[in-house]
Amino acid sequence: MSRVLARPYLLLSPAILSLSLLMVAPVVFVLIYSFWLRTAEGLDVPAFQFGNWVNFFNDYFYWMALGSTFKTAFITTIICIILGYPTAYFLARAQIRNRGLLLFLMFLPFWVSYIIRTMSWINVLGKNGFVNAVLMGSGLIDEPMKLLYNDFSVIMGLVYFMLPYMIINVYVSLDGIDRNLESAARVLGCTPWQSFWEVTLPLSLPGLGAGSLLCFVLAAGSYVTPRLLGGTDTLFFPDLIYEAIISQLDWPFGAVLSIVMLVALGLVIAVYNRFMNLSDVYRSFAR
Amino acid sequence: MKKLTDQKRYERLLAAVQSGDIDRRSLLRIIGATAAAVGVTGGPMGLLTRKAMAAGVESIRFDGWGGIVSEAFHNNAFPQFTEKTGTKVVEGEFGDTDEFISLVKASQPGEYNVFLVSGVYDYFRFIKMGLADFVNEANIPNLDKLLPATLAAFRNESEGKLAAVPFDYGTTGIAYNRKYISDEEAQAGHKLLWDEKYKGKIGLYDGFQTRAWMSSLYTGQDPQGATDTAAMWDATRKQRDLVLKYWGSGQEFIDLMSKEEIILSDGWSGRVAFLQQNGHDIGFIDTAQAGFAWIEGLMVLKGSPMEAAEQLINFCIEPAVAIAIAEGQNYPPSLDPTKVELTDKVKKLPGFDPTGKFDNYIWEKASYWFDNQDAYKKEWDRISKGA
């Protein structure tokens, strides 16, 4: 009997072990670290005290950074939806022979390092970059526009990074929709627009939802793009985690900020799940 | 052998392309080779490679600043050292010392061995954090050829012992594009960095020490004894509105200046020399009203194979080797010009002191920066984020 009871756990043990070691244990370590003390010499001393947490809750700066990060991630996600949905729709619906090649090309830039792809924007948006050169060459502007090192360039960099994730999620969802449903809607008197609005869009929402969630979470957790493309007033929470750990060498406080980020993103996912059931999202990929 | 991050790899390549060292065909060949190398050695295979390398007793790890600095060591010292002793040098790079401290803190003793420590403040804090080891001076005979002033600067911070051997020195000053700013105008020194005329064209180093130093000068205070820190940081905030970008590495500084994204910045003498050598008309002023000086040293970290580390250090300060590296990285060596004949190229490097006495140089006071580092870093990190 006991052998029968133990069997499911035995079968699950590789998954439980890997999840515990790779997911749960690191978070627990970071949580424990958040209660440690940092000495004046920059050394971390094991302790159980709430000083780091009190410092966080009493400092408006960090809340402001969290708000600013979420705002940027939200704008990035909206732009990804606007640009990504039509692209995915085209890929899923167009009668083209080389659809596979187009999808392959979309992911081709991923073969190049994220840092290098981000830095390449400097050559595009810089004072002497491609955009300014074209605009000045065509006589539309007299002097270079300031396109780099501000919130605009950060969002641009993030959209560039996130867009393929949005497109592929929506594409998978659209590709799984039974085309007969759209035909039925047309037969029953819907215009092409109504057919899209009443049938296609609702059925593709799980893919759109998954893409949006992915874009938001990845954008909010990004620190390379704001560091490389951000200006003197770019406030991004992951950058503060980097500063606390790498620059200030205050690992316990960096641990506090990391846990806060984790909880904040967890809350976003929970709220998201409340309005859009995540199981629907998972199901959309199972089709 | 080389352990480079993608960013460093890119920056190095970019520098070579900008200086005309690589033609387009070679560039494409390098990109292809890099992709193949990453494919073969990246991921799990990379981990296995690292493990295999760590297991070897015949290797020692060296970490230094990226770009032209690492290039100079790589080309002029390490292969020759390996040939002479049989000990391989595993090379690594860091963008700034804080980043390197984090890596060392997270590592096992002995994982990192010798690195290029910059300035007596960094020297001091590595000792305070218990990360550095002391060398046996008897095992480094070439110490006799070094400038007594540089040796004294380190010894004074560690009760007469040496945790690092002076290797080179340089200055932080103000770099300006002569196309837009004349040498006469640059005599204004630090005040130029607050000139509204250059709004959006100024770049500054993203480091609390340089920012606090310049702002102290601007507010008429001793840069290493500011009493009105509120005024100092107010000046930094005021300056922020004029700044396009706080740069984080020497290569980023070179990139911004060479593309004329910025025309005025504080900068490091060696990097300015690199720009000048590559045809950019960049002026540099490093007087007391525009900057300060620092010594770099070869420091040994705890848990390192000390004998091999001392051997490597002694080799690097061998006059022929030190001079070759100095010419490559554009920072004068810590060799005593009264004992060693230096080349003309070295003598022309910015920041070079022919007397070797450094009478007109202002050095960092390690204890001042160490005592104030927590408060200053925290405040600077906020200001740099717009707060």
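The values are calculated or read from the model by the stated rules, or taken from the named source; none is laboratory data. Treat the numbers as computed from the prediction; the structure is a model and nothing was measured. In this analysis, Cβ positions are derived from the backbone assuming ideal geometry, glycine residues included, and neighbour counts consider all displayed protein chains.
Points to keep in mind about this one:
- Residue match in the range B:199-221 (condition: over 18 Å from the mean Cα position of the chain (by Cα), of a type in the set (D, E, K, R) and either within 17 Å of B:L244 (Cα to Cα) or assigned by TED's automatic domain parsing to the domain that holds B:N136 (or both)): yes
- Listed by first and then second residue, the pairs with beta-carbon distance under 9 Å, at least 6 apart or on different chains, first residue in the range A:116-140 and without any contact (Cβ under 8 Å) to a residue 12 or more places away in the chain, second basic (K, R), are A:I116/B:R9; A:N123/B:K259.
- Residue list for the range B:328-368, restricted to those being under 14 Å from B:T171 (Cβ atoms) and among the aromatic types (F, W, Y): B:Y331, B:F352, B:F358, B:Y361, B:W363
- Pairs, first within 17 Å of A:Y242 (Cα to Cα) in the range A:252-274, second among the acidic types (D, E), C-beta under 8 Å, six or more apart: A:P252/A:D44
- Options B:T171, B:T87, B:T97; residue that is within 30 Å of B:G283 (Cα to Cα) and away from chain A (no Cβ under 14 Å): B:T171
- Of the criteria (1) away from every other protein chain (no Cβ under 12 Å); (2) of a type in the set (S, T, N, Q); (3) surrounded by 12 or more Cβ atoms within 10 Å (Cβ to Cβ), which one A:S153 fails: (1)
- Test: A:L91 is among the aliphatic types (A, V, I, L, M), surrounded by 12 or more Cβ atoms within 10 Å (Cβ to Cβ), in contact with a helix residue (DSSP H, G or I) (Cβ under 6 Å, 6 or more places away or on another chain) and within 14 Å of chain B (Cβ to nearest Cβ): no
- The requirement of being surrounded by fewer than 17 Cβ atoms within 10 Å (Cβ to Cβ), of a type in the set (K, R), in contact (Cβ under 8 Å) with a residue 12 or more places away in the chain and in contact with a helix residue (DSSP H, G or I) (Cβ under 8 Å, 6 or more places away or on another chain) is fulfilled somewhere in the range B:346-359, by at least one residue.
- The residue that is farthest from A:I122 (Cα to Cα), among those in the range A:240-266 that are facing another protein chain (nearest Cβ under 7 Å) and either among the aromatic types (F, W, Y) or buried (at least 20 other Cβ atoms within 10 Å of the Cβ) (or both), is A:L249.
- Checking the stated criteria, B:T236 turns out to be modelled with pLDDT of 95 or more, hydroxyl-bearing (S, T, Y) and either within 26 Å of A:N150 (Cβ to Cβ) or buried (at least 17 other Cβ atoms within 10 Å of the Cβ) (or both).
- Qualifying residue in the range B:177-190 (condition: outside the structural domain of B:P148 (by TED's automatic domain parsing) and part of a strand (DSSP E or B)): yes
- Checking each residue in the range A:126-177 for being in contact with a Gly (Cβ under 7 Å, 6 or more places away or on another chain), in a helix (DSSP H, G or I) and within 21 Å of A:I115 (Cα to Cα) picks out A:V154, A:L163, A:Y165, A:M166.
- Filter result (more than 18 Å from B:A290 (Cα to Cα), of a type in the set (S, T, N, Q) and either in a loop (DSSP other than H, G, I, E, B) or away from chain A (no Cβ under 13 Å) (or both)) within the range B:213-265: B:T227, B:T229, B:S249
- Members of the range B:87-141 found to be of a type in the set (D, E) and in contact (Cβ under 8 Å) with a residue 40 or more places away in the chain, listed by number: B:E91, B:E93, B:D96, B:E111, B:D133
- Helices (runs of 4 or more DSSP H) fully within the range A:10-121 that include at least 3 residues being over 24 Å from the mean Cα position of the chain (by Cα): A:25-33, A:51-57, A:99-107.
- Filtering the range B:292-304 for residues that are away from every other protein chain (no Cβ under 14 Å), more than 22 Å from B:T150 (Cα to Cα), assigned to a helix (DSSP H, G or I) and touching a residue at least 60 places away in the same chain (Cβ under 8 Å) leaves an empty set.
Here's the yes/no breakdown for (1) at pLDDT below 90; (2) in contact with a helix residue (DSSP H, G or I) (Cβ under 7 Å, 6 or more places away or on another chain); (3) closer than 16 Å to A:F74 by Cβ:
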site	(1), (2), (3)
A:V159	no, yes, yes
A:Y171	no, yes, no
A:G189	no, no, no
A:L229	no, yes, no
A:F236	no, yes, yes
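To keep it simple, each residue is scored yes or no on (1) away from chain B (no Cβ under 14 Å); (2) of a type in the set (A, V, I, L, M); (3) touching a residue at least 12 places away in the same chain (Cβ under 8 Å).
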| position | (1), (2), (3) |
| --- | --- |
| A:P144 | no, no, yes |
| A:L148 | no, yes, yes |
| A:Q194 | yes, no, no |
| A:W197 | yes, no, no |
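- Checklist (1) hydroxyl-bearing (S, T, Y); (2) surrounded by 19 or more Cβ atoms within 10 Å (Cβ to Cβ); (3) outside the structural domain of B:G207 (by TED's automatic domain parsing) applied to B:Y376, failing item: (3)
- Criterion (more than 14 Å from every other protein chain (Cβ to nearest Cβ), crowded, with 22+ Cβ neighbours inside 10 Å and in a strand (DSSP E or B)) met by exactly one of B:F284, B:F274: B:F284
- Any hit, the range B:136-146, residues being crowded, with 24+ Cβ neighbours inside 10 Å, within 22 Å of the chain's Cα centre (by Cα), of a type in the set (A, V, I, L, M, F, W, C) and modelled with pLDDT of 95 or more: no
- Annotation: of all residues in the range B:62-100 being touching a Lys or Arg at 6+ places or on another chain (Cβ under 8 Å) and hydrophobic (A, V, I, L, M, F, W, C), the one that is farthest from B:S304 (Cα to Cα) is B:I68.
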